[in-house]
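The values are calculated or read from the model by the stated rules, or taken from the named source; none is laboratory data. What you see is a predicted model, and the numbers here were worked out from it, not measured in a lab. Every residue, glycine among them, receives a Cβ derived from its backbone with ideal geometry; neighbour counts consider all protein chains shown.
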Amino acid sequence: MQKILIADNERFLSRLTEDFRFGPAEIAAMIGHFHREMERGLAGEPSSLKMIPAFVGRPTGAERGRFLALDLGGTNLRVLDVALEGNGKARIEAADRFVIPPALMGADGERIFDFIADSVKASFARHQTDRRRSLKLAFTFSFPVEQLSIASGKLIHWTKGFTAAGVEGRDPAVLLSEALERKDLGCIEIAALTNDTVGTLAAGSYADPSCAIGVILGTGTNACYAERMARIGRLAQPASSAGEMIINIEWGNFDKVRRNAYDLALDAASSHPEKQRLEKMVSGMYTGEIARLVIVEMVRQGLLFRGADPAWFATSYALTAEQMAIAAQGGDFSAPFGIGEVTAADQTSACEIFRIVSMRSARLAAAAIAAVVLWMDKDLAHRHAVAIDGSLFQKYPGFKNAMRSCLVELLGDGAARIAFMPAQDGSGIGAAIIAAVAASASAPSDCRTIK
Ligand code: BGC
């Protein structure tokens, strides 16, 4: 009986390995599709890659000033006081983190912006910020926004866990400044509205001028890169335009990638079905949920946690990427589920599920990075520093190594030309840098020329 169970368990896991395989042929196909979608997006044609011009190029490293940076990501709001020293160095003078109450994500939009303004007030009180000095604010808003200028835009649609009414189609900078007024913080001027990837790239290239790609691998996933103006057909501009502009790819929405039954089930039950297909296979918000769906199936088939009540795993999103990371380091992930006894065999199987799910995520992320690098430099003639932030990349055990191995498999020696540059807090610091660029540069043609 025991032997049959072990054989069934192994059969299940090897089928799972096949379901989650993302091998060389698929990677090559993905890169081809990715390039075609980039091309369409840049030309303003329908594409799953939005390719949004950020109305700003990379900083020079000489930008200076003091800025308040607000970073609204997927789960936290960060309030930062950033000093740019002008020599490629930035200092965080004060930093506060506020957890976004999950109920707010689906509430009325105004309440989200009131929460942000209240958090700014709390942070000011904590650090006794002098409100009489002029305060320039850089707002990192980590959602797909069609930028209209460096400090304004329109939310195209929510992603991650957000569904709040009354924000899609509107300008997050206007909504924020109305909330600041309501809370008696009208002294604050919004100098920049930016995506977290753009902030990460700005922070990376402020410190290392060879950095031209910014990536987020956290609750959500996305990337941006510095593009030649002449290649951005969707912007009305003279054909001879020189210089560069940062493009927010919004790669989380890439849709030319094979999904398995778990991906389809997750998508169908998600708050934004059919949107953000790649993000749902890669980012930290979803890897736990994919693994939970696999566990539910194994428990139902009597292959895992025998005797456990499947209802324990019935709550969507109950398993998080953090718990998977704990298990990957040998810790007990099961406490929140109230499972009495976890046998060594159960722990091994659970870890194998987590490995399979997270390694596909890392390989997809590496393939997407390779696609962007090859778009910019098809022969890999130059070195490329890629600024990366986000909890999956920073904290998930083995994630970086799996990304690196995938690049080596794909590019051989050429992989050494792609350097990962961890950019902790990059999105907040980078937003401040973007605000400084906005203050100093009047037009994108002021941006430096791409090599
Ligand atoms: C959003 C992106 C963002 C990414 C990482 C995605 O859900 O669409 O704009 O950059 O998450 O935070």
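Key figures
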| read-out | value |
| --- | --- |
| The listed residue being surrounded by fewer than 21 Cβ atoms within 10 Å (Cβ to Cβ) and either modelled with pLDDT of 95 or more or under 28 Å from Ile249 (Cα atoms) (or both), out of Phe12, Phe34 | Phe12 |
| The lone exception for Gly214 - which of (1) within 16 Å of the ligand (Cβ to nearest atom); (2) under 19 Å from Gln147 (Cβ atoms); (3) assigned to a helix (DSSP H, G or I) it fails | (3) |
| Residues being closer than 30 Å to Gly243 by Cα, of a type outside the set (S, T, N, Q) and more than 16 Å from the ligand (Cβ to nearest atom) - total across segment 49-83 | 13 |
| Test: residue in segment 343-352 that is of a type in the set (Val, Ile, Thr) and out of contact with any Ser or Thr (no Cβ under 8 Å at 6 or more places or on another chain) | yes |
| Of all residues in segment 240-262 being within 16 Å of the ligand (Cβ to nearest atom) and in a helix (DSSP H, G or I), the one that is surrounded by the fewest Cβ atoms within 10 Å (Cβ to Cβ) | Asn253 |
| Considering residues of segment 410-437 that are surrounded by 22 or more Cβ atoms within 10 Å (Cβ to Cβ) and within 16 Å of the ligand (Cβ to nearest atom) only, the residue farthest from the chain's Cα centre (by Cα) | Ile434 |
| Residue, farthest from the ligand (Cβ to nearest atom), within segment 267-288, restricted to residues that are crowded, with 22+ Cβ neighbours inside 10 Å and over 17 Å from Phe399 (Cβ atoms) | Lys280 |
| Within segment 155-210, considering residues that are closer than 30 Å to His384 by Cα and of a type in the set (D, E, K, R), the one surrounded by the fewest Cβ atoms within 10 Å (Cβ to Cβ) | Asp208 |
| Residue in segment 169-177 that is under 18 Å from the mean Cα position of the chain (by Cα) and farther than 21 Å from Gly428 by Cα present | no |
| Residue count for segment 331-386, restricted to those that are of a type in the set (A, V, I, L, M), outside any helix (DSSP H, G or I) and farther than 18 Å from Thr200 by Cβ | 4 |
| Complete set of residues in segment 110-153 that are loosely packed, with under 15 Cβ neighbours inside 10 Å and aliphatic (A, V, I, L, M) | Ala122, Ala125, Leu148 |
| Close pairs from segment 142-171: first on the phi > 0 side of the Ramachandran plot, partner in a loop (DSSP other than H, G, I, E, B) and within 9 Å of the ligand (Cβ to nearest atom), Cβ under 6 Å, at least 6 apart | Lys160/Gly74; Lys160/Thr219; Lys160/Gly220 |
| Filtered residues of segment 108-145 (kept if among the β-branched types (Val, Ile, Thr) and in a strand (DSSP E or B)) | Thr140, Val145 |
| Single match in Ala415, Ala366, Ala419 (criterion: more than 29 Å from Asp8 (Cα to Cα), in contact with a Cys (Cβ under 7 Å, 6 or more places away or on another chain) and not charged (D, E, K, R)) | Ala366 |
| Residue in segment 42-51 that is surrounded by the most Cβ atoms within 10 Å (Cβ to Cβ), counting only those that are of a type in the set (Gly, Ala, Ser) and over 19 Å from the mean Cα position of the chain (by Cα) | Ser47 |
| Considering residues of segment 157-175 that are assigned to a loop (DSSP other than H, G, I, E, B) and more than 17 Å from Ser270 (Cβ to Cβ) only, the residue farthest from the ligand (Cβ to nearest atom) | Gly166 |
| Ile232 vs. criteria within 13 Å of the ligand (Cβ to nearest atom), out of contact with any Gly (no Cβ under 6 Å at 6 or more places or on another chain) and of a type in the set (A, V, I, L, M) | no |
| Within segment 365-394, considering residues that are within 14 Å of the chain's Cα centre (by Cα) and surrounded by fewer than 22 Cβ atoms within 10 Å (Cβ to Cβ), the one farthest from Asn260 (Cα to Cα) | Gln394 |
| Some residue of segment 354-364 being buried (at least 19 other Cβ atoms within 10 Å of the Cβ) and in contact with a strand residue (DSSP E or B) (Cβ under 8 Å, 6 or more places away or on another chain) | no |
| Residue check for Phe337: among the aromatic types (Phe, Trp, Tyr) and either touching an Asp or Glu at 6+ places or on another chain (Cβ under 8 Å) or modelled with pLDDT of 95 or more (or both) | no |
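Yes/no matrix, rows are residues, columns are (1) in contact with a Ser or Thr (Cβ under 9 Å, 6 or more places away or on another chain); (2) under 20 Å from Lys136 (Cα atoms); (3) aliphatic (A, V, I, L, M):
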{"position": "Asp19", "(1), (2), (3)": "no, no, no"}
{"position": "Phe22", "(1), (2), (3)": "no, no, no"}
{"position": "Ala29", "(1), (2), (3)": "no, no, yes"}
{"position": "Glu45", "(1), (2), (3)": "no, no, no"}
{"position": "Ala54", "(1), (2), (3)": "yes, yes, yes"}
{"position": "Ala69", "(1), (2), (3)": "yes, yes, yes"}
